[in-house]
């Protein structure tokens, strides 16, 4: 008796489940049903067609139904929408969108991989206008691209500053389009903390994108949008990318359990509340390994992994389910930004006791071409030192550093483990003590109370309250830009000028990237100073943190000049 | 009573130990003695001065004695050679090389960081000629560079195909010099296995370097060298880079214990057999975490880590000593090559039960610019699945993949752990199932006996013994180049043509990179074939493996054409 496996949805999760099932069972009958005209397309690559980085729209489709049939003996029915699941009869009802014909197919096992759909709030006037686009599939991106070319569009508004919004904004900008990027929150890229994301804000602005935060779209017109604030923005086309909603209607109507996060509930083996129905991908609820709570995660890697696990489980192969941590990377013009695990917001929300370090080491030996500072934030649990998450932003290989952290998190690694990692080094690729080793050393100092720190987010408050701040950079660096009331005592003069430093009040120290201020603090502590704070992130971090808000707020500047190098 | 800490050698290890001691003890008296004119230079960056990637020779020196004094209150005595350690009196004898004066200095703690010196065998006639150079420090590289420029040198022979030899060869080649690279073994870069290193051999040859293997230098003339084979090679200058010898003379003369590998023996805390003398860096013997045996490791990262640990131990801070695994990366023209842990040679030598996979996935989504195959070899212990080591070669981010493996090794990770790693993905940076995840999946299949494999190294034997080999690539791929007696049954025709495949003899399958041949094997096994072998590495791997030896041997070719894409 051969198995009949039906798969609903033919992108990352669905195609992977089908291919895996075929490898495990040559005799199974496997059919993929896909509402759209394409299966197995590279959804993560879609935005890159807008800039021409991907030249041919057809190349986004990785495998056609004929190849599925000839290479894997898997039947693919595109333009076929599954409209109902009859769990009692173990059948699905399918509508052939080309002919309108409805038919039924029986299954032994069913895999749901319906994905998630872009949110288009009806509260926005004009949201269904013909100049409003979303980016979910090849047809969408082709439509958007054609519309822009055929109508010679010059101004586009992208609504939403997440992965898709940013990638669409960047690729259209690279194609010469004027972009307004509108985000309802006070920052783009929610996976990054507010301090780190300022680096991206600056880069987005530097590239000529009109970045509008803390505002939403109220109304969409023919060649403009009107924002909640009343502001009018020129926009001949609008891309809506404010978020996605898991496609759970089919599952709901079939009475499958839906989780508290709104995703389809699955067990350890990606089985829904019906033992013959599996669900994978963006539509399901997953278990977060760090918060120990259900969550959602719309990423391609986990979707493929879940699909494989579901197929394995059908064939009685034991499945490992570690939960998810969420690792991602994005290019934002000349900056790369990657993160894994928890950020501060998430750690707070989960009630986890944590601390963090923000360091800015060089990503390569300074002598090498394209050596740049890398902004690196590392969160760890207190008092265990267990690594909870990291964020890295810079021009260089942020993905490398984040992958190391993701690996350590998966292995329950601590700051001690991270400090000792023997990573590969050559001046072209990194530094002998890598960014991540460096972060671990600073983290251990914080954890062990070797010195105290304040974050860049507190510096304005310090300056405004006239705190005693020492800038230990050399005089020529100080003169190029410094905190308005910082005292310049270069590390090289520290020991001679120690009498200038007060002992009766807190003293805050910084340099360019906190390396020298750390040395200064250690020296001063040995001399009997006991109320010292390192400004984590130092002048580079302060510059980025203050820059964006200075640009938009017109508030008093606390720096005579910024320094981003 | 303040500590008096003397440090012998002022490069990676010495400078780090001194700086760390200062942070732990503001009152200690710390003096670094350095025989050469510079401390704290970037020795790993030296070769890059030859091509002009590093433009200014002075920039190689990261910190001068004055800065050490002003910023760290550390005294640095350059051009001062330590000639003797009086352990009973706890003093050292120093010779000021400028004046010839000899003097004595007392220590509480002594740190030896003498490094290792290039080997210059006296058996080579002319090895001390003025046209023979080594590359150990800034003076060396400056001398070599000047000699080449001032004498308008066109032909240089580099002796030794290790890190330094290859980097010198590459950087001189980039400067337009004709290079002969002479290596006594049958391969360059000993940390890589013979199958993997063929990719580098090809790249070196493609760049116009005359690569001479299995030959050594017998005699050095004014504008030529004569090899052991009798061959004469044009060479106006010669760079000797056949290896380094730990500088142990001072330690030996002081009666400190020397390990079986020839390095200074140290304990868990990098203490020598004298409890007041520490030793760190290239001169010591370290403990290999994977072989559980003493070994030597001339790398900058571990040297810095040892130095920090030694200083910490002086101040009663507990030190963690994980042993070493050895992680490294090198750029070889357009190829990057990185490795960590054990290779096959080392695993065999250590008597470790292992198996391996060789996969060649794309390093990025194929649609993206600069997407390239990455050759990835992963070793794991049998039957535990514990990761033992990996080698990665390609145009892309090999260092990223190797750092993940190095992290897993440090955490005693297994194939199961590697398979599940949630790494950051975006089409510009990788694939949803990363190279390393992919390798783990294949590794688990091998470990679990899901299918059998033969390595590319055995393919010639198979061809010559007329084994039954199926190439499952599509016809147009096959026609561009294939094994001379392989039968072309494309995966897309496999199920129709299954009757052509013999059941009474072993059948070997391959495609381009083993993805399709894996699917073919799974299908055929389900159909009752039980004597199938996947050719690990497939056509890409076979092409590289055969190419170099075909070029130099003139033997019968087993491929109608190579394919490196």
Verdict on residue A:369 being outside the structural domain of residue A:169 (by TED's automatic domain parsing), in a loop (DSSP other than H, G, I, E, B) and modelled with pLDDT of 95 or more: no
Given the options A:85, A:141, name the one that is in the same structural domain as residue A:208 (by TED's automatic domain parsing) and in contact (Cβ under 8 Å) with a residue 24 or more places away in the chain. A:141
In region A:27-54, residues that are touching a residue at least 24 places away in the same chain (Cβ under 8 Å), part of a loop (DSSP other than H, G, I, E, B) and at the interface with chain B (Cβ under 8 Å from one of its Cβ atoms) total 2
Can you spot a residue in region B:161-169 that is in a helix (DSSP H, G or I), out of contact with any strand residue (DSSP E or B) (no Cβ under 9 Å at 6 or more places or on another chain), modelled with pLDDT of 95 or more and crowded, with 17+ Cβ neighbours inside 10 Å? no
Quick one: residue A:85 ticks every box in (1) part of a helix (DSSP H, G or I); (2) in contact with a helix residue (DSSP H, G or I) (Cβ under 9 Å, 6 or more places away or on another chain) bar one, so which box is it? (1)
Residues of region A:480-535 satisfying the condition of being touching a strand residue (DSSP E or B) at 6+ places or on another chain (Cβ under 8 Å), surrounded by fewer than 20 Cβ atoms within 10 Å (Cβ to Cβ) and within 13 Å of chain B (Cβ to nearest Cβ): A:525, A:529
Do you know which residues across region A:414-425 are surrounded by 24 or more Cβ atoms within 10 Å (Cβ to Cβ) and either more than 7 Å from every other protein chain (Cβ to nearest Cβ) or farther than 18 Å from residue B:309 by Cα (or both)? A:415, A:418, A:424, A:425
Name the residue that is nearest to the other protein chains (Cβ to nearest Cβ), counting only residues in region A:253-311 that are in a helix (DSSP H, G or I) and without any contact (Cβ under 8 Å) to a residue 40 or more places away in the chain. A:301
For region A:452-469, state whether one or more residues are within 25 Å of residue B:67 (Cα to Cα) and either part of a loop (DSSP other than H, G, I, E, B) or within 14 Å of chain B (Cβ to nearest Cβ) (or both). no
Counting only residues that are without any contact (Cβ under 8 Å) to a residue 12 or more places away in the chain and more than 8 Å from chain B (Cβ to nearest Cβ), which one in region A:426-449 is farthest from residue A:510 (Cα to Cα)? A:448
Answer with yes or no whether residue A:296 is in contact with a strand residue (DSSP E or B) (Cβ under 9 Å, 6 or more places away or on another chain), assigned by TED's automatic domain parsing to the domain that holds residue A:82 and farther than 30 Å from residue A:431 by Cβ. yes
Considering only residues of region A:446-467 that are over 32 Å from the mean Cα position of the chain (by Cα) and surrounded by fewer than 18 Cβ atoms within 10 Å (Cβ to Cβ), which is nearest to residue A:518 (Cα to Cα)? A:450
Residue within region A:75-82 that is part of a loop (DSSP other than H, G, I, E, B) and in the same structural domain as residue A:307 (by TED's automatic domain parsing) present: yes
Starting from residues that are assigned to a loop (DSSP other than H, G, I, E, B) and under 17 Å from residue B:162 (Cβ atoms), keep the ones in region B:312-339 and report whichever is nearest to the other protein chains (Cβ to nearest Cβ). B:326
For region A:374-386, which residues satisfy the criterion of being surrounded by 24 or more Cβ atoms within 10 Å (Cβ to Cβ) and either within 11 Å of chain B (Cβ to nearest Cβ) or more than 23 Å from residue B:430 (Cβ to Cβ) (or both)? A:379, A:380
Out of everything in region B:276-302 that is at pLDDT 95 or above and touching a helix residue (DSSP H, G or I) at 6+ places or on another chain (Cβ under 6 Å), what residue ends up being surrounded by the fewest Cβ atoms within 10 Å (Cβ to Cβ)? B:278
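Yes or no, residue by residue, for (1) at pLDDT below 95; (2) touching a strand residue (DSSP E or B) at 6+ places or on another chain (Cβ under 7 Å):
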| position | (1), (2) |
| --- | --- |
| B:13 | yes, no |
| B:22 | no, yes |
| B:43 | yes, no |
| B:73 | no, no |
| B:83 | no, yes |
| B:87 | no, no |
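Residue-by-condition table, conditions (1) more than 27 Å from residue A:310 (Cβ to Cβ); (2) buried (at least 21 other Cβ atoms within 10 Å of the Cβ):
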residue: A:87; (1), (2): no, no
residue: A:100; (1), (2): yes, no
residue: A:111; (1), (2): no, yes
residue: A:121; (1), (2): yes, no
Just to be sure before I move on: is residue A:404 under 18 Å from the mean Cα position of the chain (by Cα) and surrounded by 23 or more Cβ atoms within 10 Å (Cβ to Cβ) in the structure I sent? yes
Among the numbered conditions (1) surrounded by fewer than 20 Cβ atoms within 10 Å (Cβ to Cβ); (2) in contact with a helix residue (DSSP H, G or I) (Cβ under 8 Å, 6 or more places away or on another chain); (3) under 26 Å from residue A:349 (Cα atoms), tell me where residue A:183 comes up short. (1)
For residue A:409, indicate whether it is farther than 14 Å from residue A:537 by Cβ, part of a strand (DSSP E or B) and more than 8 Å from chain B (Cβ to nearest Cβ). no
Exactly one of (1) assigned to a helix (DSSP H, G or I); (2) modelled with pLDDT of 95 or more; (3) under 38 Å from the mean Cα position of the chain (by Cα) is unmet by residue B:549. Its number? (2)
For region A:70-82: of the residues being more than 9 Å from every other protein chain (Cβ to nearest Cβ) and either surrounded by fewer than 17 Cβ atoms within 10 Å (Cβ to Cβ) or without any contact (Cβ under 8 Å) to a residue 12 or more places away in the chain (or both), which is farthest from residue A:274 (Cα to Cα)? A:79
All-but-one check, residue B:118 against (1) within 14 Å of another protein chain (Cβ to nearest Cβ); (2) under 28 Å from residue B:239 (Cα atoms), failing number (1)
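The values are calculated or read from the model by the stated rules, or taken from the named source; none is laboratory data. Only a predicted model underlies this, so the values are computations on that prediction, with no experimental measurement involved. Here the Cβ is made from the backbone with ideal geometry for all residues, glycine too, and neighbour counts use every protein chain on show.
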